[in-house]
Amino acid sequence: MTTAASRSSWPDPWPGREKAVPKRRPLSRERIVEAALAIIDSEGLDALSMRRVAQELDTGAASLYAHVSNKDELIEQVLDLVHAQIEHEEPDPERWQEQIKDLMRRGRAALISHRDIARAAVLANVPTTPHAMDTTEAMLAILRAGGLDEQTAAYGVELLGLYVTATAFEESSRAGLTQADFEAYTGGVREYFSTIPADRYPMITSLAGALTRSVGDERFEFGLDILVAGLARTSGGR
C-alpha cells in the first residue's frame, strides 16, 4: 500500500515538463566587493584573495577579472564600500568643530566594525573612489564652513584622516583580545616599565601608569580635541 510519506518518490507523470532550476544572480562588481568585505569580516584581511572570493561566489577566479582587475583594486573598492557606510551632514558654521569630530568618530567606527580593514586604509593614498571622495568632500566642507583657509583645510583633512586610520588600525590589531587579555597586556607593559633603569628613563618609569592608561575612547577623544582645536587656532577659525 502506498502511503502519503512515500508519494514524494513517485515518478513525474509529465516527462516533458522541465523542473524549475533556481536562478543564479549574475556576477557583478557589486557582488564581488560585498563578498570580499564579508570574507574580511569573518576571516580577516589576510584571508582575502581573488580565489577565496570566487569560492565564496561559487565561480572561477578568472571570471572575477572581467569586473575587478586585481586584488589591489578589489581592496580599494572594499574600502570605498566601507566609506559608503559613513553618514554626512550639511556643514553648520556654528557647530563645525563638533561636526568634524562626529564625522571622524563615524569614520573610525566604520573601520573598526570590519575587523582589520583599517590596515588597508593606512596604506591607501589619495582617495579616488566615489564614496571615499564623498568623505573627503564632507570634511573639507565642514572645515571651510568653520573659517579655515584653503591650505589649512587641505592639511587638516590629511592630518585627521591619518589620525583616524592609525587609531583604527591600532585598535583592530588587538581586536581578538578580551578585556581581560588587554588588561593583562597593559599590566605587563606597566610592569616592564617598572624594571627599566630609572636613572636612565626617569620620565617613563614615573609616568608608567599614565602611559599605559586605556579607558574607553578617552585616548582617541583627547587626540581629536587637540587636532581640531589646533586647526581652529592655526587658521583663526571659530
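The values are calculated or read from the model by the stated rules, or taken from the named source; none is laboratory data. All figures in this text were calculated on a predicted structure; none of them were measured in a lab. Neighbour counts are summed over all protein chains in view; Cβ atoms, including those assigned to glycine, are modelled from backbone coordinates with ideal geometry.
Tabulated data
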item: Hits in region 153-188 (condition: among the aromatic types (Phe, Trp, Tyr) and closer than 30 Å to Thr136 by Cβ); result: Tyr155, Tyr163, Phe169
item: Every residue from region 185-238 that is small (Gly, Ala, Ser) and touching a Lys or Arg at 6+ places or on another chain (Cβ under 9 Å); result: Ala208, Gly209, Ala232
item: Yes/no for Met133 being closer than 29 Å to Val78 by Cα, under 26 Å from the mean Cα position of the chain (by Cα) and without any contact (Cβ under 8 Å) to a residue 24 or more places away in the chain; result: yes
item: Any hit, region 214-232, residues being in contact with a helix residue (DSSP H, G or I) (Cβ under 9 Å, 6 or more places away or on another chain) and farther than 21 Å from Leu162 by Cα; result: no
item: Filter result for Ala208 (small (Gly, Ala, Ser) and over 25 Å from Ile86 (Cβ atoms)); result: yes
item: Filter result (in contact (Cβ under 8 Å) with a residue 40 or more places away in the chain and more than 16 Å from Gln85 (Cβ to Cβ)) within region 108-123; result: Asp116, Arg119, Val122
item: Failed item in (1) surrounded by fewer than 21 Cβ atoms within 10 Å (Cβ to Cβ); (2) more than 23 Å from Gly216 (Cβ to Cβ), with Leu148 passing the rest; result: (1)
item: Pro202, sole failed condition from (1) touching a residue at least 60 places away in the same chain (Cβ under 8 Å); (2) over 21 Å from the mean Cα position of the chain (by Cα); result: (1)
item: Among residues of region 25-49, those that are touching a Ser or Thr at 6+ places or on another chain (Cβ under 9 Å) and closer than 19 Å to Ala66 by Cβ, counted; result: 1
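Here's the yes/no breakdown for (1) modelled with pLDDT of 95 or more; (2) surrounded by 15 or more Cβ atoms within 10 Å (Cβ to Cβ); (3) touching a His at 6+ places or on another chain (Cβ under 6 Å); (4) not in a loop (DSSP other than H, G, I, E, B):
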| site | (1), (2), (3), (4) |
| --- | --- |
| Lys101 | yes, yes, no, yes |
| Met104 | yes, yes, no, yes |
| Leu111 | yes, yes, no, yes |
| His114 | yes, yes, no, no |
| Met133 | yes, no, no, yes |
| Ala141 | yes, yes, no, yes |
| Arg144 | yes, yes, no, yes |
| Ala153 | yes, yes, no, yes |
| Tyr163 | yes, yes, no, yes |
